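Below: one structure, written as structure tokens.
The values are calculated or read from the model by the stated rules, or taken from the named source; none is laboratory data. Predicted model, so just to flag it, every value in this text is computed and none were measured. Note: ideal-geometry Cβ built from the backbone for every residue, glycine included; neighbour counts use all protein chains shown. Side chains are part of the model used for accessible areas, which takes the heavy atoms of the whole protein and leaves out ligands, DNA and RNA. Shrake-Rupley method; radii C 1.70, N 1.55, O 1.52, S 1.80 Å.
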Amino acid sequence: MSHVDFFISGYPKSGTTALYHYLKGHPDVFLPDVKEPHFFSADFPGVRLVTSIIDYERLYSGATSNQLKGDASASVIHSSEAINRILEYTPKAKFIVLIREPVAAVLSFHSELLYNLSEDEADFEKAWEVQESRVKGSNIPKSCNESSLLQYSKIFRYRDQLPLFFQRVPAKQRLIFVFEDFFSDPRTAYLKILDFLELKDNGKTDFPVINTSKNLRFRSLASYHRYLVDSNNIFYRLTRNTLSTFGIHPSHMLARLNLKKGYK
């Protein structure tokens, strides 16, 4: 098969999920249902959903010959390995990078990690203070699959990451957007992206807000639910399967009941 054509490559909580959904609706674009396979970010093993090239390329088996294939793994820009690995795999790959005012971005990211149970320190200042101890393996939540994500100062280290990105990726293969500018006029930004990818305008004018940060009402409930799912508890499995036949999905219900809006 042909290689992946473009990457929505970061930063976290800077609009990558929204752009993924906007482009996924374009008839000449194929984005897999697995939004963030993180295949090329080998230095973040805990978040990689795909680890072999065969499985990675299988994600794109449904693409037609006239569709551009994209990957929306937001770890690419802050990974020390991903960009080089991508360019070895497909030298002509294009990169779309969304950046955001760093304080807003890191607060939103912290909120997201709390929601998915990767973080357990609700006070962001304290979470920032324990970064050094976490490098040494202390104060890491048991439910965190990738402790590197808790190094907030390294995830959003624009001053080091962006110059390296500019050095590695030719100007004609990169497009940078600021989150605040992108969403102040999403139609114009969308047209610039289509032009960058050499795609025709499909007339899209609806750009809904997607993936605002979320908080848990009851962390203990989310933790217990995670335990039931991960342990493949037979009672939970039978209950879930029985209710699903009536169109009732316990996981979705629990998620909605336990959700409250967080920092945007």
Practice task
Report yes if Tyr89 is of a type in the set (Phe, Trp, Tyr), out of contact with any Pro (no Cβ under 7 Å at 6 or more places or on another chain) and surrounded by fewer than 17 Cβ atoms within 10 Å (Cβ to Cβ), otherwise no.
Solution key: yes
Problem - Qualifying position, being assigned to a helix (DSSP H, G or I) and under 27 Å from Ala189 (Cβ atoms), among Ala74, Ala105 - result: Ala105
Exercise for the section: Identify the single condition in (1) touching a residue at least 24 places away in the same chain (Cβ under 8 Å); (2) within 20 Å of Phe109 (Cβ to Cβ); (3) out of contact with any Gly (no Cβ under 9 Å at 6 or more places or on another chain) that Ala74 does not satisfy, given that it satisfies every other one. Expected result: (3)
Completion exercise
Of (1) more than 24 Å from Ser108 (Cβ to Cβ); (2) open to solvent by 30 Å² or more (accessible area, probe 1.4 Å), Leu49 satisfies every one except (1)
Practice task
Could you check, for region 130-153, whether at least one of its residues is acidic (Asp, Glu), open to solvent by 40 Å² or more (accessible area, probe 1.4 Å) and within 21 Å of the chain's Cα centre (by Cα)?
Solution key: no
Handout entry: Those residues of region 154-197 which are within 19 Å of Asp28 (Cα to Cα), without any contact (Cβ under 8 Å) to a residue 60 or more places away in the chain and under 21 Å from the mean Cα position of the chain (by Cα), in sequence order
Key = Ala189
Fill in the blank from the handout: Condition set small (Gly, Ala, Ser) and touching a strand residue (DSSP E or B) at 6+ places or on another chain (Cβ under 7 Å), scope region 1-28, selection modelled with the lowest pLDDT: answer is Gly10
Exercise for the section: Just give me the residues in region 131-151 being touching a Phe, Trp or Tyr at 6+ places or on another chain (Cβ under 6 Å) and assigned to a helix (DSSP H, G or I), in sequence order. Expected result: Ser148
Practice task
Return yes when Leu68 is surrounded by fewer than 21 Cβ atoms within 10 Å (Cβ to Cβ) and under 26 Å from Leu199 (Cβ atoms) and no when it is not.
Solution key: yes
Exercise for the section: Find the residue count for region 39-55, including only residues that are over 23 Å from Phe196 (Cα atoms), within 16 Å of the chain's Cα centre (by Cα) and free of Cβ contacts under 8 Å to residues at least 60 places away in the same chain. Expected result: 6
Exercise for the section: Quick one: Tyr56 ticks every box in (1) over 24 Å from Arg100 (Cα atoms); (2) in a loop (DSSP other than H, G, I, E, B); (3) at pLDDT 95 or above except a single one, so which number is it? Expected result: (2)
Exercise for the section: Within region 1-46, track down each residue that is outside any loop (DSSP other than H, G, I, E, B) and either among the small types (Gly, Ala, Ser) or open to solvent by less than 30 Å² (accessible area, probe 1.4 Å) (or both). Expected result: Phe6, Phe7, Ile8, Thr16, Thr17, Ala18, Leu19, Tyr20, Tyr22, Leu23, Val29, Gly46
Practice task
Go through region 114-129 and give me each residue that's assigned to a helix (DSSP H, G or I) and surrounded by fewer than 20 Cβ atoms within 10 Å (Cβ to Cβ).
Solution key: Phe124, Glu125, Lys126, Trp128, Glu129
Problem - Close pairs (6 angstrom Cβ cut-off, 6 or more residues apart or separate chains): in contact (Cβ under 8 Å) with a residue 40 or more places away in the chain and on the phi < 0 side of the Ramachandran plot in region 88-114, assigned to a strand (DSSP E or B) and open to solvent by 10 Å² or more (accessible area, probe 1.4 Å) anywhere - result: Phe95/Arg174; Ile96/Leu175; Val97/Ile176; Leu98/Phe177; Ile99/Val178
